[in-house]
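The values are calculated or read from the model by the stated rules, or taken from the named source; none is laboratory data. Predicted model, so just to flag it, every value in this text is computed and none were measured. As a convention, Cβ positions derive from the backbone with ideal geometry for all residues, glycine included, and neighbour counts pool all protein chains shown. Note: areas computed on protein heavy atoms with side chains; ligands, DNA, RNA excluded. Shrake-Rupley method; radii C 1.70, N 1.55, O 1.52, S 1.80 Å.
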Amino acid sequence: MADTLTIKDNRTGKTFDVKITDDTIKATDLRQIKVKDDDFGMMTYDPAFMNTASCKSSITFIDGDKGILEYRGIPIEQLAEKSTYVETAYLLLNGKLPNEKELTDWNHEITMHTILNENLKALIDAFRYDAHPMGRLISTMAALGTFYPEAKNIFDAECRQRQIVRIIAKIITIGAFNYRRGIGMPYAYPDNDFTYPGNFLNMMFKMTESKYKVSPALEHALDILFILHADHEQNCSTSTMRVIGSSQADPYSSVAGAAAALYGPLHGGANEAVIHMLRQIGSNKNIPAFIEKVKAGEGKLMGFGHRVYKNYDPRARIIKQAAYGVFEVTGKNPLLDIALELEKIALEDEYFVKRKLYPNVDFYSGLIYQALDIPMGMFTVMFAIPRVSGWLAQWQELLLDPDQKISRPRQIYTGPRQLDYIPVQNRK
Ligand code: CMC
């Protein structure tokens, strides 16, 4: 029989035909495989979801072996070259590129919603001066939701759209205000004359001048970085967004949770680790010894390797190119030479070749952020800002997907059963 999988249960000798769709079988189809009628039925054990598709999605396509990344079918290289982040966010959320009017309206809406309710500043003021920017971002995003109680109406398309606009627009203000608060600078308010990345730079770096001057080259490089980070299908933070969203929580709470997942060093925190590593290496002459240490299992080459990409991460190639444009304006980041040499040596070394370890998105992004004067603690915030459009697109897809329900994995229970309660005085 075509498109089925025949499974023989050697415990009972019974065989089962399970339907195959898209090279996938439904995990619940395995539940018919039982020894006794009152058994729960067969499950799959898949810690870290190494081989489990949790949804059908038409947002982002990745072919990790070939190094391909597409948003709604459009290769990332074309978007990085020709699009803007704001347009790319529209594409992710709506499934198609906007026409001219739609783009103008969308740009206008995002620009008009960058202002934060003044009361939120009291919350931002309350953080200690040295609070980590990601802790601030996560908390401020969750608090932002309390200003819009209507946001719980997640099945009302218009209301949902309002929250999507607010979150994408206000996250640059939240990121920049928290940065200014940390360094004791007065808040710089959004300025509607700027593009999305330009406005972010304005709110981060405006001093006493009446109008901030944005460098077009830096604004463009930041826009490219935002495009490249906008979505990456079912990674840890996006899956978190979907899991929280599946309980029908409001989108601010879901985004705060997704940002918390991004915070970890194995996910959005790796770009910071790359800078630490390059500083620790210090000079090209120390690279061979560093590589030997990595090969001996003493630490990792940060910014290398990926769960999905077993080829050059297409985003790394684009970022490397963009870095040169930035350094023309800012002067070369002295760590660049070490990074280039490190990449060259690693790509020729059998250890890395055999394991298909290539530079990932984080290998060069930190060098650009540094050149833009963005402090290391903010690097993960720089990742979170554009990723909200991906999280929200995935959240919306989840809400409209009739296959989806509240997320609730199973477990294999390994503890004791039916023990008696022992009063405290009788316990050893
Ligand atoms: N340096 C040295 N060896 C490595 C590295 C590395 N960066 N990455 C993987 N390996 C080795 C690993 O030790 C293993 O070797 P062996 O087969 O001898 O045990 C083999 O390669 C396979 O690695 P793995 O740990 O099974 O791969 P994974 O898919 O579980 O991990 C990863 C993926 C990204 C967590 C890992 O490659 C890593 O820790 N890289 C460094 C951190 C990093 O750059 N993270 C950013 C990821 S991209 C942005 C994002 O998604 O947020």
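A few remarks follow.
- Candidates per chymotrypsin sites (Phe, Trp or Tyr not before Pro) in region 22-66, loop by DSSP, up to 13 other Cβ within 10 Å: Phe40, Tyr45
- Straight Cα distances below 17 angstrom link Lys213 to the aspartates and glutamates Asp191, Asp193, Asp223, Asp373, with same-chain residues fewer than 8 positions distant left out.
- Choice from Leu92, Leu335, Leu137 showing the highest fluctuation, given a GNM over the chain with Cα pairs closer than 10 Å: Leu335
- Added length on full extension, which subtracts the Cα-Cα distance from 0.36 nm per residue, Phe147 to Cys159: 2.9 nm
- Modelled label reach - Ser283, point 7 Å along Cα→Cβ, region 328-365 residues with backbone N closer than 18 Å: 334-342
- Normalising the average separation of contacting C-alpha pairs (under 8 angstrom, six or more residues apart) by the number of residues puts the relative contact order of the chain at 19 percent.
- Förster radius 35 Å - calculated FRET efficiency between Lys213 and Leu340, Cβ distance, rounded to 0.05: 0.70
- Pairs from Lys82/Lys320; Lys285/Lys332; Lys293/Lys354; Lys211/Lys320; Lys56/Lys96 whose Cα-Cα separation, in the structure shown, is over 29 Å: Lys211/Lys320
- Computed extension gain for Arg410 through Thr15, at 0.36 nm per residue and net of the alpha carbon distance, reaches 139.8 nm.
- Between Leu400 and Ala296, the FRET efficiency estimated from the beta carbon spacing at R0 = 56 angstrom works out to 0.65.
- Simple spin-label estimate for Glu77 and Ile183 in nanometres, 7 Å along Cα-Cβ: 3.7
- By accessible area, using a 1.4 Å probe on protein heavy atoms only, the chain has 53% of its surface on carbon and sulfur.
- Viscosity 1.306 mPa s, temperature 10 °C, Stokes-Einstein D of region 270-371 from Kirkwood C-alpha radius, µm²/s: 116
- Axis angle, to the nearest 10 degrees, between helix 133-145 and the longest C-alpha principal axis of the chain: 80 degrees.
- For Lys170, the lysines whose Cα falls under 16 Å of its own Cα, not counting residues fewer than eight places away in the same chain, are Lys121.
- For the chain, the equivalent ellipsoid derived from the Cα gyration tensor has semi-axes of 39, 29, 24 Å, listed largest first.
- Most mobile listed residue (Ile138, Ile33, Ile62) in the chain, GNM with C-alpha springs under 10 Å: Ile33
- Under 18 Å of direct C-alpha separation, and excluding same-chain neighbours fewer than eight residues apart, Lys36 reaches these lysines: Lys8, Lys14.
- Potential lengthening between Asp38 and Ser58 on full extension [0.36 nm per residue; Cα-Cα distance subtracted]: 3.3 nm
- Descending semi-axes in whole angstrom, ellipsoid equivalent of region 312-352, from the Cα gyration tensor: 22, 13, 5
- Heavy-atom accessible area per residue - the chain, 1.4 Å, Å²: 52
- Taking Arg31, Arg387, Arg355 in turn, the Gaussian network model of the chain (Cα-Cα springs below 10 Å) assigns the largest fluctuation to Arg31.
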